[in-house]
Structure formats: structure tokens, C-alpha cells
6 protein chains.
Amino acid sequence: MSGVVVTGCPRVPGEIAAEFASLSVATVHEAQGRVGQLASYMRPIYEGARAVGTAVTVLKAPCDNWMLHVAVEQCQEEDILVVAPTSPSDAGFFGELLAASLLVRGVRGLIIEGGCRDTKELKEMGFPVWSRAVTSQGTVKETLGSVNVPIVCAGQIVSPGDLIVADDDGVVVVQRLQAKIVATKSIAREEKEAATRKRLKAGELGLDIYNMRGELAEKGLLYKPYEGVA
Amino acid sequence: MSGVVVTGCPRVPGEIAAEFASLSVATVHEAQGRVGQLASYMRPIYEGARAVGTAVTVLKAPCDNWMLHVAVEQCQEEDILVVAPTSPSDAGFFGELLAASLLVRGVRGLIIEGGCRDTKELKEMGFPVWSRAVTSQGTVKETLGSVNVPIVCAGQIVSPGDLIVADDDGVVVVQRLQAKIVATKSIAREEKEAATRKRLKAGELGLDIYNMRGELAEKGLLYKPYEGVA
Amino acid sequence: MSGVVVTGCPRVPGEIAAEFASLSVATVHEAQGRVGQLASYMRPIYEGARAVGTAVTVLKAPCDNWMLHVAVEQCQEEDILVVAPTSPSDAGFFGELLAASLLVRGVRGLIIEGGCRDTKELKEMGFPVWSRAVTSQGTVKETLGSVNVPIVCAGQIVSPGDLIVADDDGVVVVQRLQAKIVATKSIAREEKEAATRKRLKAGELGLDIYNMRGELAEKGLLYKPYEGVA
Amino acid sequence: MSGVVVTGCPRVPGEIAAEFASLSVATVHEAQGRVGQLASYMRPIYEGARAVGTAVTVLKAPCDNWMLHVAVEQCQEEDILVVAPTSPSDAGFFGELLAASLLVRGVRGLIIEGGCRDTKELKEMGFPVWSRAVTSQGTVKETLGSVNVPIVCAGQIVSPGDLIVADDDGVVVVQRLQAKIVATKSIAREEKEAATRKRLKAGELGLDIYNMRGELAEKGLLYKPYEGVA
Amino acid sequence: MSGVVVTGCPRVPGEIAAEFASLSVATVHEAQGRVGQLASYMRPIYEGARAVGTAVTVLKAPCDNWMLHVAVEQCQEEDILVVAPTSPSDAGFFGELLAASLLVRGVRGLIIEGGCRDTKELKEMGFPVWSRAVTSQGTVKETLGSVNVPIVCAGQIVSPGDLIVADDDGVVVVQRLQAKIVATKSIAREEKEAATRKRLKAGELGLDIYNMRGELAEKGLLYKPYEGVA
Amino acid sequence: MSGVVVTGCPRVPGEIAAEFASLSVATVHEAQGRVGQLASYMRPIYEGARAVGTAVTVLKAPCDNWMLHVAVEQCQEEDILVVAPTSPSDAGFFGELLAASLLVRGVRGLIIEGGCRDTKELKEMGFPVWSRAVTSQGTVKETLGSVNVPIVCAGQIVSPGDLIVADDDGVVVVQRLQAKIVATKSIAREEKEAATRKRLKAGELGLDIYNMRGELAEKGLLYKPYEGVA
């Protein structure tokens, strides 16, 4: 399905997206069953970057950023642009001019399986990007791609309207129809972890908090003094 | 041509180099026709690093940094040392002692297809380095190489006296005799981009500013409502 | 030797470890004969991270972080946890809950040939980690490993009780019984470098300080003016 | 959707699959618009390997091959097993015992984003495998995954019942409902290429066959004699 | 311990080594508890390569093959030379002249974490090599290393006298004192697999042979018809 | 210099190229002082591939193979096409149709820093290719590049008319004006190696043939019996 722009895609509703506002990538990833994490080569271009929003997807030719301009028009407040090439390319698809255009529309950030340029300017603008490479290697505007079709970005399927959470730990995608339940599970997980954190800080061991000693012994874990081993 | 130090190389004149003082790697790379960008694995050792200067080139044996000492003597005010091994090596060829020596001579930075150590000290000294790896893995001083011969560094040919621009986006090389014209084109590009930026920030779309709609339609781009696709 | 926890391991004594307090990875690596540097893909999760301490080692199944909980109990004041999987995996074995637990026990940091999550929180807590990847990809708790056996971490053998120095340049391991002599050599090296640094800053060349000109000439290094070459 | 085995999936019908019997990966990939090629790190374990069949998909935990046993039961004549882990792992998920079991059921081959062992035996059995690594690194059987859900394998979405063509050039996936039209286009492409091949072998140039000279000139291609350039 | 050649190292006795003559890397690796497999980037330089023997280890400077000449003298009938650099290097440390010298002494093969040249000649001579790269990039003879000290090769500790098995699946190391027991376990495993293979070829499923259905159900595996899912 | 085809380039004369007919990449690389070896990721697409010839160079846009068609016309008997992209791309730039066209003109092979498709057909045609990847990922024909300008291919500068030798060990480039002297040195080296080979096969050690024992002892190499070390 190349050369298609799908319009009017449903998105995770704003009130549900808002529940993810302070959730970390790690928590969301765990809460939805350890799925949805994009490959670890997707790194923020500056420390402390964070974004939560709904995906507008772009499938584009390698070394070609034409479709990014098409995609801008499809973006609305609280979206995140998620971009993947049809074959691997680290060229610098994105820079501060496109970011300026996205910022005007209220877009929260960019996830791009490729290169990003103008990183200093993007940091100053407060526009966060997660990319596979930083490079200014230029691109052309020759080949059609598609906007708002399901894509594979850094090993994960991203569909238009899915929820994206991105922070210093990387990027996680939550399927649109799962967002409500994942938010609930994430918040529950955070509360549980807060309680655990308190106990750990008080000096209790995970071995005891999680009741691991029995199963470890059952599987045969042995403790031997150093003198007997060396 | 191993074991040769070429002396008295011509360099891009200082008044031309000065025109690049505030130009970004991205702008220069685009202005000279999307060539000259070193591979994206060449990264600054600290955020915000930036250097502009004329190349003194070093071709050296892998795991051997002897020729760096030879090269220091060939450096003068506003030079940038550009170093490549004869076969791949990430050993830590460069550290703060060599940097101290280069700083005294007015050298602006180092581009090294290999490893760099003492990154904390280099940041404190304000001596920027773009390298392929950060490591303290030591090197020997056994094998001759050459200074100020044309080299291949991170995929690009760099000749002595060429102009180097390096910032957070990586490194670009401008051939010595092209420097004047590239400076002019870069500045023109910046001015054009400033006008575009203004329009984008006012909410105009790149689709309209660059007149893309016609060509996109001609190539067959279709807009389909979500209901018709899903 | 899987499923074993060795207890009561001897460590580099505190007064010897203290001698490394301000030594850099680069200096220690050089002083002990250019050995012991972990692979350069082991990077600190934040700039300025630094840790010195004695190793508690963990050998664990890939994609499984169960043994980290077992290892916490074996840690004491001034230890550093060093973790390697039995086969390559970049999953996110470690996060802030485990760090909280280690901090209570006075552990100085973590070296992990795998992934790390919660990097923002870890920075805020001041708990430094050197890892191969940053990712929140979750792990399971199913398979036994061992604690305080010799392991291979990022290409180097690390035994329990060895001394670890880690900073912005990476990680170096010093064998337990070599620690005293390496400390002495490192300090001597630092003093020698201080003298060299002073001379370099005064404008002397390494070529002269290290008496390199003779050997270079003997090996056949030639100086040729640019006009004769071009 | 973890822990689910979907049964009774529709597949590309046998008579359509048969049309791909002698089509190459390159032809199919081009015919369907240059999409569907798995990443180039997916290599056959022996030269001359080739397989055409319908996908049975497996989503499995990293370092765990339990679900492969579950998947075998779901395979039928002319299927190809396509396997992806939930996070990257090159462990050796597959060997000759599983191949023996698949061969009995008429399965045509295996595509696995991970490691493969027993490559010599697999070649002798005539069971082709395309994998990311060759290694005997063992795996466990602890964690549930799913069979016959859509997966991402080496960068491409593969759904159960899709058509897979794999040869020395790699692997391409054709969506189930597109198979008929892609077969038709591929065969047309082959015929066209046969005519072109004949002309090229007779010494005609692609420049003339494809009428490129005009467009090249229009874009500004210049021919300059060597003497004028050097 | 650099610059040391350890002589008279004990080796796995010939009659025990002989028990490994027809065992595969995969079997040995599994039989000793899924440990000892070298990293999967260690590949044979020709298909069908296989070697079994006792390790003579070499620790050498990167880009330097001097110590290989020293090591040859330490080799005896049925040894395998195992070579690792002190820091990563893919230079071509080894070629057919060294192989000729090793063949005279009855050496069975070479495992080298680096580059290998003359691959065509080595295949004709029947001298198998497992290496990280194939390249003719030359090396120097300048720096001392050590022979017959414990080394880390491709992620595994190899000590002199250990048993090495290498085939198309890669390389596995068996500790000297474990060799007898690992041989026994490997042979037992082979017999067990032969029985399983027979049943699988007769059409029985692994699900039944290994009694997996109960545990899968217990963990919650669900079977759903396609109509109910799509 | 983009969009230029340089015609009438001088080449290494046929009688000099003929002297390289049976020389290996390893010998030529050593004979010219260990320079000119392309990066080790450039691998032949089939075992036993070998080619010697004079370079016709192509600089092309990534993901675009238009200029290959332009280059065919510039090729003559005994040429080798050497192709590099302006930024990294592994797309499948080359297949059997282009090979058919080159074969008619007497071209000896292809060196391409990118992808190659139709590997089975190329082997059957006897047209050797050294590439960075095997993939059928398609390319476009949109952007001008240049033919017969100096290029960087896999880390080495290749100029039109240079001599290329490629075999199972990779690819080496010899500068046009150096070809005669490198041929002479290579043949001398071969003769010397033949004499050494004879002595090694007779059981003499390299330690003695190359007179290494003295220098090793001088640098401090120690021989210690195992009992004293363990």
C-alpha cells in the first residue's frame, strides 16, 4: 500500500493518553507483558528527552524524506510522528525546519528509524527525537511512501493512533485499543513498586520481599564458602 | 607513501575559514551538494562540541600513536588534526597530554577514526574531539606513518589544508579549493532557510511553501479516509 | 559451576582500594601494562559517572535477572557488582529498584554486559552504571546462575574481590593480588605525567621530551616540502 | 496476545503458491513494489538453499525455544515456519531434531530471526534454514509465546498464511491476499526481463534499451575527456 | 603476565580427547550445561571444517603476530592453537606459511579472534581455521605477548590443555579436568537423541515425547480457532 | 564533482596487469607495504571467486543504481567496475542483467560497497562480485552520480585505471602508476615465500628461519615450566 495517505484515523483518546503522562517506558513495557519496546538502538538525541502522544505513521523510501512533509499536514495536537524506511538507511531525514512545522501543530516528538540532524537546535527548541543515528547526510524528495498505514519501526509494529511513550530508556508502543487497560496496569504496577521501593530502602532484600529463597533452593542453588572453592 | 611528513602545505586562507565560523555541518553538507559528511559513527566526546579549522592529516598504523607526536609539530593556529589508521582500530590513540600540546599551538580540535581517552579532562580543557570510540586501551610507538598526505577518514577523503566543520551533527570536510564557493552557498542557504523557518513557524506547510502538492498528485499520491481502509 | 554462590570472598583491602580513589581508568590501564580494559561498548549511563570498588561477580542466564537478587545479599560496603550473561543479551537486567537495594548496602556501582533501564532515576539517585545497552526490555526469573565465580565481562576475566575502576573512559579491572603494585605504579605514572604536562603546556614538543627524533630518523621518516610532493 | 495458538488459519492456496515455484526472491520483491524483503542479515545456512511455502508464525521469548515444539503440530504440507523472538537473541533455537519432525510433516523450511545449530546435518537432510546467526548456544523451555499471530521478523510483518519465497538472495514475504496478483506480476516481469537479457547479451546498452540518455542529459550529466579533468 | 611462555603444560589425555572425535559442538555444549560456546562471530573459513584437539593458547598484541611464531614451537601432535589479541583487531594474523609449519607438527587447526588470510590455500591444505574475519591486512612483529596462559577468546576463558571442538556450528571449549565427564555425558546425550530422532521421524510430536502438553496448559496456553481471532 | 563521466581514462597497461594474473591479494597487499586492502566486510558472493583488472569507478546516490547503466558504456575488456555510494546503503544495486551487459564487454568483475542480488545466477554466469551485503532490496533511478572520478570504496581511495586484485581474501587496490613496481615486488615476495615454505614444511621453525630468538630474548621473553606457574 504505497502512495496512500489515510485520513481521519482514530487515536487513543486524550483522557486516556493523559494517564500515561508520568509513566516511564520501563513501567509501561512491563505492565503490558514485556512487549512493544523498540530496538535499543533508538536513542534520544538529548538527555532528559520525554514524549507521550498518539502515532502518526510514515512509511518512506530510504534516503528520501518527501513523505515527512506530507505527514506534517496529518498531524494534530498531541501526536507523535513515527517514521520507518522501506529499507535500512541512516540518512538524516529530519532537521529543525520540519521540527518548527511540527511544533506549530502541537506535535510532541519524533521517532525515526534513520538519521536526525540539527540536534543542537532541536534541543534548544525542546523538540525531542529518538533516532538510530545522528547525521546531516542529506536526502532527496523523489519517491512516494504512505502515511498512517501500519509500519514496522525498530522491530515493532506501530499503527496510526497507537500510544507512544518515549524517555531516556527508549520507546514503547501501546496498541490503541489496549491503551486504557495498559494505563491501569501501569499505575497499579507503580503503586506496587513504590511499596517495594520503601522496603528495599529500609534494607529488606528482594530475596525476602519476593519470597525467592524457597524456589532458589528447590532449583538447587548452593552456598559455598570461599575456602572450600578456591 | 609511508614514512613521509609533508611540510608547508597550503591551507584554506583564514578569512575564508572565518566565513564558516557559525555555519552548521548540516548547512555546509547540503550547500556543497550532499557530499563530504564523515560516517555517522564519528561522534563528539561531549555535547555542544564545535570546531572549524584547516586539516593537518595523519595516516598511522593501527594500535600505534607515534605519528601523532610527529604531527603536533606540523600544526599551527586554527588547524584541526584529522587522523586515520591504515587498518581499523578503536584503540585509544589520543588523550589529554597530546591535547595540551595541541592547545598551546592553537589547534581547534581532533577528528580521529579510532579511540579517545581522558574524555572528562578534554571536556574541562575545552578541547573537542570527534572519534569512533571512547576507550583508554593503550597504543604503542613502533611504526612509521605519514603526515599531510591525503587520507580516508570515516569514508571521506581528507587532504591537508581542507576545511573541517564539526559539531553535534558530526563532521564535514570541504575541499581546500572549494571552500570559498561552499561558504558563499552555505550563507545563501542559511538566508533562504531563515525565510522558510519564519513561514513554517507561522503555520504554513512545507507542502505549500515548496509547491509539492502538484508533483505528489502527479506521482499518484492518494488520500483515503480511515473508514474506507480499515 | 552453575547454581553456586561463593561466600566470604577476600577482597582488595580498603586501604589499597583507597589509593585508586582519584586514579583514572586510563592511568590504571597503562600502569598495569595496557591490560584489563573492558570492551569499549561498555559505556556509563550518564556523563561524569565514576566508581571504584571491589568486584562481586554474577554469571547469569541471558534474559534472566534472578541472580541479581541473590547477589545483592552478598554485597558489602564499597563493592561493585559485575554482571555477565552466559550468552549475549542486551535485555534490561537492571533498574532503580535493584539500585535502591544496592545503595542501602553501600555498593558503589554496577558493571553489566547487557541492558540497563531507569537511567534517569539512576542518575538522580547517583548510582552509576556501565552497560552495553540502555533498554527497558524486561527479563524473567527462571534460571540459576552463580555469584562470586570468575566471569568474562566484555572481554576481560573478572574474579570476585578484584578491583574495578570505572569512569567516562570505560572500565578497567585490576587483579586482587596485583592491586597494591598497580596503585603504586599508577601514582608514579601520574607524577611523571604531571611533569610532562607542565613541559607540554610550556610549548615543548613530545618529539623532544620523549627523544623521538633519533629513532624516527633511523626508521626512515622523511620530511618533504609540499611543492616537491604535489 | 501471548500464550495463544491460532488454529485453522487460511493459507495462500496451493495452486497460487505453485506459481512461485521457480520465481526468485529478487523478482517477487520487485514485482510487488520493492517491499517485503527481510533484512539482509537473514542468510541461508548453505549455498543453493531455496524454499517456497505458506507461513506458520511463531512469536517466542528470547533464549527459549519451547514454542517451536508447539508450532510443529500446527504445520502442514508446504508450510514454512517463520520465527521471531520478542527481544533480540541469537541463541541457537533450532537444530536437526526439530527439522526431522518438520520434514515428516512436509514443511519446506525455516526462517528464524535468531541462531541455528546442526547446520551440517540440516544440509544433509535437505532442510533449508535462513537465520541471523549460526551457533549451538542452547536455549530453555520456560516461557509461553504464540503461534499464528502476526509477527515482525527481520523488519517485516509476517502473518500466518502469507507466502514466503527464500533463496540465496534472502527472504521475501507476500501478503496472503496479494499472492495471486504478485505471482502474475512476477511472471510478467520475468518475461520482460528475458527479452531485455537477450538484447543485453547481444551487446545493446541499458542506456538505449531503457531510453535513459535523454533524461540523463536533462538532469545535467556531462561527459568530459580525461585530459580536461586531470 | 606478558612476555611469558609456559612450557610443559598438561593436556587432556589423548584417549579422552579421542572420545570427542565424532561429537558435535552442539552436543558437547549442551552436555556440559550450555556453557563454553565461543561467540557466534567465530566462523570456519570453509564449509565442512572440523577439528578436535588440545589448546595451546596465545595472548598477543593487536595487529601483531610475532607470538604466533613463538607458539608454533610449543605445539605438539593433536594440539589446536587458540589466539586472542589484548585489544580488538581484525588484522590478518595468520596465513598458509604458519599453517604449513603447524601441519608439520601435527596441529589440528586454529581458533583466532582476529583475521585470517590465504583461505583458499588453507582449504587446499586441509588446515581448518575459525576466525572473526577474513582479510589479508598485514601485521607487524614488535610486541611481546604470552603463550600458554589463560586467555579470553570470543567471550570464553580458554586455558592451556583445555579441549576444543570446532565444526560448522562454531567452537566450544571444555575445561581440561572436566573433559572425561563431558565426553561421557555427550555420548549419553547422543544415544538419547538417537532414540528421540527415530520417534520424531516416525511422526510422533515433541509435544508428546517430551510430555509438554501438561505444563503448557498449566502456564495458560490457549488454542483459538482463526475465525474467533480475526 | 557530481554528474560527470570522465572518458578516455588511462589504465594500467595490459602487459603489467598480466603480471598480477596469479598473484594473491595477500601477496600484493604485503608487497606494496600493507596498504590498499578494502575493508573486510567486502566478501565474494561465491567461494573461489577471483578477478584482476583495471578500475572503472562509479560514485552513486544511495539506494539508486542509475549510474551503473551509464558506467557500463565506459567499460572495456579487462576492466573491473568499482562502485561506492555517497552515503551508506546496502540496497541491491546490482544483478544478473547488468552482469550480462558487462560480460559482453569483457568486464572481469564488480566491487560494490552495497548489496548484490541474483547471486545464484551470477555464479552460474561466472561473474564474480565482492559486496558488503547480499540482498534483493530494489533501488531507484533518479539521481545523477559520476563515473571515473576518484572514489572511496570500503575505506580505500580507488582512482580510474587503478589495478584491482580480488580473491577469497578480499580486495586490494594498486595505484595505477605503482602497478609495475608492485608487480615486481610481489613476484619477488612469492619467490622468497616459496623458499621459506619449503623450509617450514621440512620442519624448521619460523623462530630460526627469521632469526627471532635473539630479539625476543632481548625484549625479555621468558620461558617458565608449568609447575612453577600454576
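Data for the structure
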| read-out | value |
| --- | --- |
| More than 23 Å apart - percent of Cα-Cα pairs taken over the range B:40-126 | 13 |
| Fluctuation leader among A:R11, A:R199, A:R105 - chain A, Gaussian network, Cα springs under 10 angstrom | A:R199 |
| Residue with peak Gaussian network fluctuation, chain E [Cα springs, cutoff 10 Å], from E:L200, E:L163, E:L216 | E:L216 |
| Convex hull (Cα only) mean projected area of the range B:157-230, reported in nm² to one decimal | 9.3 |
| Gaussian network model of chain C, springs between alpha carbon atoms under 10 Å - residue of C:G95, C:G214, C:G203 with greatest fluctuation | C:G214 |
| P(r) tail fraction, the range F:72-230 - alpha-carbon pairs more than 22 Å apart, % | 58 |
| 7 Å along Cα→Cβ, label-point gaps from E:K224 to other copies, nm, shortest first | 2.6, 4.8, 6.5, 6.5, 7.4 |
| Burial ordering of B:T139, C:T7, fewest other beta-carbon atoms within 10 Å first | C:T7, B:T139 |
| Kirkwood-Stokes translational diffusion coefficient of the range E:113-166, alpha-carbon pairs, 25 °C, 0.890 mPa s, µm²/s | 183 |
| The protein assembly as shown - Rg (one decimal) and Dmax (whole number), Cα, Å | 30.5, 84 |
| Hydrodynamic radius of the range D:80-159 per Kirkwood, over alpha carbon pairs, in Å | 13.0 |
| Residue list for the range D:123-137, given a label point 7 angstrom along the Cα-to-Cβ vector of E:R197 and an amide N cut-off under 20 Å | D:123-129, D:135-137 |
| Fewest-first ranking of D:V158, E:V229, using other Cβ atoms within 10 Å as the exposure measure | E:V229, D:V158 |
| Share, in percent, of DSSP beta bridges within the range D:4-186 that are antiparallel, nearest 5 | 45 |
| Loop-resident sites, the range E:1-107, for GluC sites (Glu not before Pro), counting at most 15 other Cβ within 10 Å (DSSP) | E:E47, E:E77 |
| Calculated FRET value between E:I209 and E:E47, using beta carbons and R₀ = 45 Å, to 0.05 | 0.90 |
| Average projection area in nm² (convex hull over Cα atoms of the range C:1-54, one quarter of hull surface) | 6.0 |
| Position C:E190, label points 7 Å along Cα→Cβ, spacing to each other copy in nm (shortest first, one decimal) | 4.4, 4.4, 5.8, 5.9, 7.3 |
| Label-point separation in nm, D:I181 to E:A217, each point 7 Å along Cα→Cβ | 4.5 |
| Cross-link table D:K60/F:K123; A:K123/C:K123; C:K120/C:K180; E:K141/E:K180; C:K192/F:K219; C:K185/E:K60, entries beyond 31 Å C-alpha to C-alpha | D:K60/F:K123; C:K120/C:K180; E:K141/E:K180 |
| For E:E204, label point 7 Å along C-beta direction: distances to other copies, nm | 4.8, 6.3, 6.3, 7.7, 8.1 |
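Values quoted throughout were computed directly from the atomic coordinates according to the rules given, and no laboratory measurement underlies them. These numbers come from a predicted model, not from an experiment. Neighbour counts are summed over all protein chains in view; Cβ atoms, including those assigned to glycine, are modelled from backbone coordinates with ideal geometry.
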